[in-house]
1. Residues being in contact (Cβ under 8 Å) with a residue 40 or more places away in the chain and either hydroxyl-bearing (Ser, Thr, Tyr) or within 21 Å of residue 212 (Cβ to Cβ) (or both): count how many of those fall in the range 247-259.
2. Specify which of the listed residues (371, 385) is without any contact (Cβ under 8 Å) to a residue 40 or more places away in the chain, over 25 Å from the mean Cα position of the chain (by Cα), assigned to a helix (DSSP H, G or I) and more than 25 Å from residue 207 (Cα to Cα).
3. Please return the ranges of strands (runs of 3 or more DSSP E) entirely within the range 220-312 where 2 or more residues are over 23 Å from residue 341 (Cβ atoms) and among the aliphatic types (A, V, I, L, M).
4. Somewhere in the range 242-252, is a residue in contact with a Cys (Cβ under 6 Å, 6 or more places away or on another chain), more than 19 Å from residue 205 (Cβ to Cβ) and at pLDDT 95 or above?
5. Considering 132, 123, which residue is farther than 25 Å from residue 328 by Cβ, open to solvent by 80 Å² or more (accessible area, probe 1.4 Å), over 19 Å from the mean Cα position of the chain (by Cα) and not small (Gly, Ala, Ser)?
6. Check 242, 261 and return the single one that is under 21 Å from the mean Cα position of the chain (by Cα) and not polar (S, T, N, Q).
7. Being of a type outside the set (Gly, Ala, Ser), more than 23 Å from residue 117 (Cβ to Cβ) and at pLDDT below 95 narrows it down to one of 395, 356, 350, so name that one.
8. So which residues in the range 320-351 are among the charged types (D, E, K, R) and surrounded by fewer than 24 Cβ atoms within 10 Å (Cβ to Cβ), if there are any at all?
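The values are calculated or read from the model by the stated rules, or taken from the named source; none is laboratory data. This structure is a prediction, so every number in the text was calculated from the model and none was measured. Glycine gets a Cβ as well: all are built from the backbone with ideal geometry, and neighbour counts include every protein chain shown. Accessible surface is based on the protein model in full, side chains and every heavy atom, while ligands, DNA and RNA are left aside. Shrake-Rupley method; radii C 1.70, N 1.55, O 1.52, S 1.80 Å.
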Amino acid sequence: HPFGAPALSKVAKQRPLWGRLVRGLLTFVIAVAALAVSFEFAMQNPAVNGAVRCTVQETFYEQRWESPPPGTPVIEATAVTEPVRDACDAADDPAIWVHPSRPEESLIIGTNKQRSLNVYGLNGRLVDRRDNLGAPNNADIRTMAGRTIVAASDKDGAEIEVFELIDGTLLPLSGGPVPAKAEEELYGLCLYRTQQTLFAFSTDKSGLIVQYRLGVDPTEGITATPVRELGLPSQIEGCAVDDAAGRLFVGEEDIGIWSFDASPDGASEGTLIARTGSDGVLTADVEGIAIYAPASSASNEGFLIASSQGNSSYAVFDRAPPHRFRGRFQLAFQGELIGDTDGLEVTAAPLGDRFPRGMLVVQDGYIRDAAGARRNQRFAMVSWADIETALSLQPD
């Protein structure tokens, strides 16, 4: 077969080549799959997870922001907490527990969104830590029927972690964590207490807001029943509820601060009370939000505070409508600027000689110090009396 022999010979030569290619491709696919499985398994280790997040943060995140308007006062923080254990973007949101009889023994609960909830004294020292929580992002606290309830949003698990704070220790409630609805990543969380009921609001990256009725039963533990959904067009995180006024405040990060009726049967439409951009007083992102509410005052006295992260400042508004803008300030500790703040919290309760008119706590979001070395994040404590003086916030 003079014409067939070369063709057969060519086919015979090609088969080993294709076989090698197929075997090589299968080996590559198996190796990639094995690496993916190994990576997923390794990411379950908080230390590895934190290191990967840190590497991404250091590689792709450049810390920069706009400058606030000239003349913005810089207020010196009174104290800072111990740094969180994990580097890069780890600390996020604080909550404040006020001791009912010894206010100088009050506590700060702060999130480390790489793995834990931390409890600090007013001297900044760590007194308790609850580990292996996934990614606790935002935290809030309320006292209900004699029990102090601490809740935190878990970004990784789309859950709400719920604890009882007893003698400075966070004890998980049975039945928890409870699942939370999230169309994208679960972000923010805030609590709302009426005389009879405890509620939680969760927010997510898509703009979804879900309100839950929380049940805290001595035997059955914690339950969370969804009662309504609200929504905004874009990403939201920080939120706070003015219990006395029954108002929910939510930060749409690129747009501004919204006010909603907090009652479960309230209207779903919100009111934009403060804007970002050239026509507003905030610089995106809008992050932490908190209510300064004097206990002895009417619900129309006090202030709303927000982190204007884009220029590392803090904006103050009247607590009551129309929420008049009262001024902005920046913070420093030992001469070093505090900024890039995510979460914050405030209390009007006197907390001893250093905080006679209450205290603001903010996350210090700086990732590197002035020398360029990486520094773990922390929380800073500021006397509200100093803020009042700087912005002339005494009642009109």
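1. Initially, the range 247-259 is screened for residues in contact (Cβ under 8 Å) with a residue 40 or more places away in the chain, giving 248-252, 257, 259.
This time we only want the ones that are either hydroxyl-bearing (Ser, Thr, Tyr) or within 21 Å of residue 212 (Cβ to Cβ) (or both), so: 248-252, 259.
Selection size over the range 247-259: 6.
2. Working: 371 fails: assigned to a helix (DSSP H, G or I).
Step by step, each of 371, 385 is checked, and only 385 is without any contact (Cβ under 8 Å) to a residue 40 or more places away in the chain, over 25 Å from the mean Cα position of the chain (by Cα), assigned to a helix (DSSP H, G or I) and more than 25 Å from residue 207 (Cα to Cα).
3. Numbers: elements: 221-231, 236-242, 247-252, 256-261, 271-275, 286-292, 303-308.
Here the list reads 221-231.
4. Kept after step one, since they are in contact with a Cys (Cβ under 6 Å, 6 or more places away or on another chain), are these residues of the range 242-252: 250.
If we keep only those that are more than 19 Å from residue 205 (Cβ to Cβ) too, we end up with none.
Within the range 242-252 (the criterion being in contact with a Cys (Cβ under 6 Å, 6 or more places away or on another chain), more than 19 Å from residue 205 (Cβ to Cβ) and at pLDDT 95 or above), the answer is no, since none of the residues qualifies.
5. Values: 132 fails: over 19 Å from the mean Cα position of the chain (by Cα).
Being farther than 25 Å from residue 328 by Cβ, open to solvent by 80 Å² or more (accessible area, probe 1.4 Å), over 19 Å from the mean Cα position of the chain (by Cα) and not small (Gly, Ala, Ser) holds for just one of 132, 123, which is 123.
6. Values: 261 fails: under 21 Å from the mean Cα position of the chain (by Cα).
Sole residue among the options that is under 21 Å from the mean Cα position of the chain (by Cα) and not polar (S, T, N, Q): 242.
7. Details: 356 fails: at pLDDT below 95; 350 fails: at pLDDT below 95.
Answer to the selection: 395.
8. Residues satisfying the conditions are 324, 326, 328, 336, 340.
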